[in-house]
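Structure first, commentary second.
The values are calculated or read from the model by the stated rules, or taken from the named source; none is laboratory data. Bear in mind the structure is a predicted one, so any value in this text is a computation, not a measurement. Here the Cβ positions follow ideal geometry from the backbone for every residue, glycine too, while neighbour counts run over all protein chains shown.
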Amino acid sequence: MNHTLERWNITKSAELYGINEWGGGYFKIDNNGDVMVMPSPGCVKRAVSIREIVEGIEARGLGMPVLLRIENILDSQIAALNDCFLAAMQELDYKGTFQGAYPIKVNQQQQVIEEITHYGSKYHHGLEAGSKAELIAAMGMMTDKKAPLICNGYKDEEFVDLALYATKIGYKCIMVLEMPGELPLIIERSRKLNATPILGVRIKLATQAGGHWGESGGERSIFGLNTTQIIAAVDYLKQEGMLESLQLLHYHLGSQISNIREIRTAVNEACRVFAGLVQEGAQLKYLDLGGGLAVDYDGSQSNFLSSRNYTLNEYCTDIVEAVMTSLDETGVPHPTIITESGRALVAYYSMLLFNVLDVTQFQPDPLPEELPEKCPPQIKYMYDTLHTLSVRNIQECFNDTIYYRDEVRQLFNHGKITLRQRSLAEKIFWTTINEIARVSKELKHVTPEISDIERALSDIYYCNFSVFQSLPDAWAIDQLFPVMPIHRLNEEPIRNAIIADITCDCDGKIDHFIDRHDIKRFLPLHELNDSQEYYLGAFLVGAYQETLGDLHNLLGDTNVVTIRVLDNGEYEFVGELEGDSVSDILSYVEYDPKRLLVRFRKTAERAVRKGNITAQERREIMQAYEMGLRGYTYFER
Ligand SMILES: *Cc1c(COP(=O)(O)O)cnc(C)c1O
């Protein structure tokens, strides 16, 4: 057993990858080095090895990459949100209650909606629909008549009618005005259909949050009514004798609000509007604070974009307290508080698992013992620089080697240096850079240039997935997700790597990683060995990633497996969805696979007639082509 193997342990791995910080209690590392998933936070008795699940998936014939969903994590998150709000309300003696409304757009998969409506019914956890399709899905899935069904988004006549029918059937279906023009239509349709609508109004707050989605709130936001429009809507409703229909006030500040101060400021402002509307005679019952509850992707508990500087407990307590403080001053009764948390509810529940296909390491080639006789002076200087390198002259050596390397390149471009000589110079250069990286580890402080070397020297791990399909936010908005190996965590990860996917796009990579203080530019990984696949997981990908993904390089949906962990710690496969086949993907971009087959058969037949292939070979080639059409779009071993 080698030395490093003895000193390394799973505690060090846990620290290195921050799993206890970002895992929300759902993940831990087992003594044998596997990542375990625990559907009830901290309940080690029901911990299941993800590596074992992967083996089970592969034994059943589904290949990597796989999106793995743990159904019970959804239940735990729904329970946590509801219990936390209800506990805060009890503690502070809040007179109203709490209800959640899950925004379908965050993860629209039927399985998610089914589980939320099923498990959530004990809290009357409802749904939020932002379009006709989402409302139609919600009406088909929901049975709980006490849970809110909130309709946001721009509404045409069909949307309005559906919502009105839902109300007639008995759903607590609340139509939220997104713009003033919707009101006359809603009133006209409700008279026509003889339905009494329940209305809400979305307000533009002056409060604006930072982060990617800050623009969803604020006066410049494209959604919602400003104060003048709200007053106009109230007057209109009064005039139509329908003010009692207005029951809900809504705003949405944006997603992933990292700073609790912004959340509190928005609640305060909204409560003023709420009280103002009550003074105007509206009998408001619901205060709907939208989404925004953030996920601590990097585990730093800070107001950094990929984190949050508050716990779920603080979120709930602060909101309840802020509502009480504002409204008690004005004597307005406590409303039912609704939040539309999406991200926080579903992020933990799925993870993307993939294998590593290949590695490129930047190991400089060995140098000759001596320089050749006829060697340009610049190369000699580089060689000398390498051999005088020490802790003390590290920066000087760094500057020198770069300077001469650039000179060598220029001389080469002017035809003064041969290709072989240039190659020697590059080898010396990279050997020197490697040495500088090694020596710099002995120093406490290094210049940013030198600390950047480590990144430049990191390996590239080629992995079997597509960033564009499976982690679109990592590409589009530089969102950080925790990524780590799911096994071998009792071994020291001695390589530093960035991750490349199998699209042939230079953006198809992950080279920013979570860190508790900063952003890491490389990820420590284990060396590959020949006897065993090496599996990585990208975690907390349950929110927003599944349907935003695209078909870059025609890589399609991955296989999806859902498991439920039972009370005794065993688990069952409750869902298996095969990913897209090549033929599926081609149909999405308007090919007809049957016609492709016919055309290709003709091409092959012509090759037979020309004598390029035999008839027997044609058969084999056609079989391979047909197999390819039926196959998975990802790399298959
Ligand atoms: C997207 C959206 C949400 C969900 O926000 P999260 O931050 O994911 O909880 C809630 N409400 C509305 C209106 C939205 O558009």
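Being of a type in the set (D, E), crowded, with 17+ Cβ neighbours inside 10 Å, closer than 30 Å to P377 by Cα and without any contact (Cβ under 8 Å) to a residue 60 or more places away in the chain narrows it down to one of E435, E449, so name that one. Answer to the check: E435. List the residue pairs whose Cβ atoms are under 7 Å apart, where the first residue sits in the range 176-191 and is outside the structural domain of K132 (by the TED database), the second is surrounded by 21 or more Cβ atoms within 10 Å (Cβ to Cβ) and β-branched (V, I, T), and the two are 6 or more positions apart or on different chains. Partner pairs satisfying both residue conditions: none exist.
Per-residue answers, yes or no, for (1) touching a Cys at 6+ places or on another chain (Cβ under 9 Å); (2) under 20 Å from F354 (Cα atoms):
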position	(1), (2)
W8	no, no
P41	no, no
K45	no, no
V48	no, yes
R51	no, yes
L62	no, yes
P65	yes, yes
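Here V359 meets each of (1) more than 21 Å from V37 (Cα to Cα); (2) not in a strand (DSSP E or B) with one exception, condition (2). Remark: A266 matches the filter, which requires a residue to be farther than 23 Å from D473 by Cα and either within 14 Å of the ligand (Cβ to nearest atom) or part of a loop (DSSP other than H, G, I, E, B) (or both). When R564 is tested against (1) at pLDDT below 95; (2) in contact with a Pro (Cβ under 9 Å, 6 or more places away or on another chain), just one condition goes unmet, and that condition is (1). Which pairs have Cβ atoms under 8 Å, sit 6 or more apart or on different chains, and link a residue in the range 332-353 that is assigned to a loop (DSSP other than H, G, I, E, B) to one that is of a type in the set (V, I, T) and within 16 Å of the ligand (Cβ to nearest atom)? Listed by first residue and then by second, the contacts come to E340/I150; G342/V106.
Taking the criterion of being in contact (Cβ under 8 Å) with a residue 60 or more places away in the chain, assigned to a helix (DSSP H, G or I) and within 16 Å of the ligand (Cβ to nearest atom), the residues of the range 74-111 that qualify are L74, Q77, I78, A80, L81, C84, F85, K105, V106. Looking only at residues of the range 531-544 that are more than 13 Å from the ligand (Cβ to nearest atom) and part of a loop (DSSP other than H, G, I, E, B), we find that the one that is surrounded by the fewest Cβ atoms within 10 Å (Cβ to Cβ) is S531. Does N82 meet the test of being surrounded by 15 or more Cβ atoms within 10 Å (Cβ to Cβ), outside the structural domain of T562 (by the TED database) and not small (G, A, S)? Spelling it out, N82 is indeed surrounded by 15 or more Cβ atoms within 10 Å (Cβ to Cβ), outside the structural domain of T562 (by the TED database) and not small (G, A, S). Check whether at least one residue in the range 361-376 is under 30 Å from Y102 (Cα atoms), more than 16 Å from the ligand (Cβ to nearest atom), surrounded by fewer than 21 Cβ atoms within 10 Å (Cβ to Cβ) and not polar (S, T, N, Q), and report yes or no. No, the conditions are met nowhere in the range 361-376.
Restricting attention to the range 288-315, the residues that are within 14 Å of the ligand (Cβ to nearest atom) and outside any loop (DSSP other than H, G, I, E, B) add up to 4.
Taking the criterion of being over 18 Å from M351 (Cα atoms) and modelled with pLDDT of 95 or more, the only residue of the range 33-58 that qualifies is G33. Being more than 18 Å from the chain's Cα centre (by Cα), among the aliphatic types (A, V, I, L, M) and either away from the ligand (no atom under 13 Å from the Cβ) or buried (at least 18 other Cβ atoms within 10 Å of the Cβ) (or both) is a property that I337 has.
Taking the stated definitions as given, is I519 assigned by the TED database to the domain that holds I498, hydrophobic (A, V, I, L, M, F, W, C) and surrounded by 15 or more Cβ atoms within 10 Å (Cβ to Cβ)? So I519 passes the test.
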